[in-house]
Amino acid sequence: MSLPDPGPAEFRESPHNDRWTRDEPPATLRARVHLGFLTARGWGLFATGVAALAGAWLLGRRELMAVALFLILTPLLAAFLLRYGRSPITVNRTFNPSVAVTDSGLRVRLHISHRGRSPGILPLSDTLPQDFGNGPEFTYPSRTAVVQGGVSSSHYEYRLRLASRGIYPIGPVKAQVTDPFGLATRPAALDKPSALVAMPQIESLEPGGLPGERGAHGQASSNRRLTPDSFDVMTRDYRDGDSVRRIHWPATARRGSVMVRQEDYRATPRAVIVLDRSRAAFLPHGVGSETSLEIPQYTSASKQSSQRFEWALKGALGIGAYLSHSGFGIEMIDHQARPINQVSASGSDDGAEVFGGSHAVEDMQGALAALGLEDPPSRHVSESAPALTTALKTRLRTHGDRLVLLLGEVSPATANAWIDSVGGRRKVAVMCVVHRPEQAHHVITQFRQAGWSAVAVSPKTSLAEAWNELSRQS
């Protein structure tokens, strides 16, 4: 059974509100004084019992007192059992597709079932984040309910469309449950919220030159090797914590001791993308500061973002996808040299630092889905320069490797700090995301004088236009 779609066909959410649940005051006196655990029938029975108890005390009739206690305790016992009893209804929620992309629709499917005695007709509703509006309401069991092996089940479906990235809590399914005699009632959550990951869209780049691809005399650089799956295999002695899968059995047999593989990906060019996450660069305080955006994190407080940071993030994803398809292994780190896959709530479980192979682009999308600006006051790049310099020396090993910097507002002093941290590498591309590109001319000139390709963009600039400008500077 499909539920009627809200609006014309879907729910929409706005990315500008960070509250996920409504906190509306109760509308009735009964709700204000928390009398909702009994129905009108239950309260009537309870009031009758109280009156009978008063009559038994006044008349001195012991049998009437027994009746009064029965009338008083029955609805209270029903409320107790309803409060601490276990619901016979189970809910299974699935998403199709399982991971969403912003500005594209998906279907939420609910499989609700119960075993044994019928719970009667229950009005249910699925809970959505506040910005989606009210969740869909439906009745269980449905008209098309199926009974098989003593289990009754119903299927429901509705559609959602996500306007911004993040990890959204969808659910739980809520019901107003009553006991079989209709004496007590309580709102019940029949399941737990499900995490829905909304990944950013990829802006594709047309095949073309890479910044720094040509030599000093215009000739094409010959040190690119598009062999992302090739690597040199070395062996070393086994250490505690090494996976059994890495044991190199031929070397173990020759040496007589356990040896493990140590892959050295020298045959694969490396591209390191540095995404500045500092709040000062993308969300400064003061007069004229831009409005912050909220990126939901599911189980924790929302992360902050801005329109300029969203452009930088999508730029990092688009460039990463382009370089991955060009044969590069991709590493994404922030301005403090921390791998994006490890600082993002949507990063993969293994926390891999290199995005490579056939799933590299999808893994990058997932890692960037819940990434936000740094929570504490961000350190200036000069304070984290030693860690960044060390990290770049470790990651960029050959002349064929590339470095891409996605920065926000950069002062001349900060630009010098970046130049000092990166060093004298020639194959560096810089994008500064600012409100007014013409005002960043001096900083862009600093980067170009260091031998880098640099361009200033605004959130209205297309990624393809900015990337082509970097390529023309090579």
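Please work out the ratio of the alpha-carbon Rg of region 75-167 to 2.2 N^0.38 Å and round it to two decimals. Could you put the intermediate results ahead of the total?
Details: Rg = 16.3 Å, N = 93, 2.2 N^0.38 = 12.3 Å.
Rounded to two decimals, the normalised Rg is 1.32.
Positive end of the charge dipole of region 309-459 (Lys, Arg +1 and Asp, Glu -1 on Cβ, about the Cα centre): tell me which of 368, 337, 419 has its Cα farthest that way.
419
Between residue 300 and residue 438, what is 0.36 nm times their sequence separation minus the Cα-Cα distance? Round to one decimal in nm.
Numbers: separation 138, 0.36 × 138 = 49.68 nm, distance 3.88 nm.
Once the chain is fully extended between residue 300 and residue 438, it gains 45.8 nm.
Could you check the simple spin-label distance between residue 394 and residue 48, using points 7 Å along Cα→Cβ, in nm with one decimal?
7.6 nm
Relative contact order, percent, of region 393-453 when contacts are C-alpha pairs under 8 Å separated by at least 6 residues? Could the numbers behind the result be given before it?
Numbers: 58 pairs, mean separation 24.6, N = 61.
RCO, region 393-453: 40 percent.
Cross-link candidates for residue 393: which lysines have Cα within less than 30 Å, leaving aside residues fewer than 8 places away along the same chain?
314, 427
Given the C-alpha atoms of region 142-211, compute the convex hull and give its volume per residue in Å³.
Per residue, the Cα convex hull of region 142-211 comes to 202 Å³.
What Kirkwood radius, in Å to one decimal, follows from the Cα pairs of region 314-371? It would help to have the intermediate numbers written out before the result.
Numbers: mean 1/r = 0.0902 Å⁻¹.
Mean inverse Cα-Cα distance, inverted, gives 11.1 Å.
If Lys and Arg each add +1 and Asp and Glu each add -1, what is the summed charge of the other residues whose beta carbon sits under 13 Å from the beta carbon of residue 437? Display every interim value, and only then the final one.
Values: positive: 308, 436, 460; negative: 409, 438, 465, 469.
Once positives and negatives cancel, what remains is -1.
For the ranges 175-188, 88-101, what's the packing order if you count other beta-carbon atoms within 10 Å of each residue, average per peptide, and put the highest first? Intermediate values should be presented prior to the final figure.
On the way: 175-188: 16.9, 88-101: 15.3.
Per-residue mean Cβ counts within 10 Å order the peptides as 175-188, 88-101.
Sorted by average packing, counted as other Cβ atoms within 10 angstrom per residue and highest first, what order do 62-75, 400-413, 310-323 take?
Details: 62-75: 15.4, 400-413: 21.1, 310-323: 23.5.
So the order, starting with the most tightly packed, is 310-323, 400-413, 62-75.
Over the alpha-carbon set of region 289-410, work out the extent along each principal axis and list the three values in angstrom, largest first.
Sorted largest first, the three principal extents are 40, 33, 24 Å.
Please report the net charge: other residues with Cβ closer than 14 Å to the Cβ of residue 202, K and R +1, D and E -1.
Details: positive: 165, 314; negative: 103, 203, 206, 310, 362, 363.
Local charge sum for residue 202: -4.
Every read-out reported here was derived from the displayed coordinates using simple, explicitly stated rules and does not represent laboratory data. Everything numeric here is computed off the predicted structure, so don't read it as measured data. Using ideal geometry, Cβ is built from the backbone for each residue, glycine included, and neighbour counts are taken over all protein chains shown.
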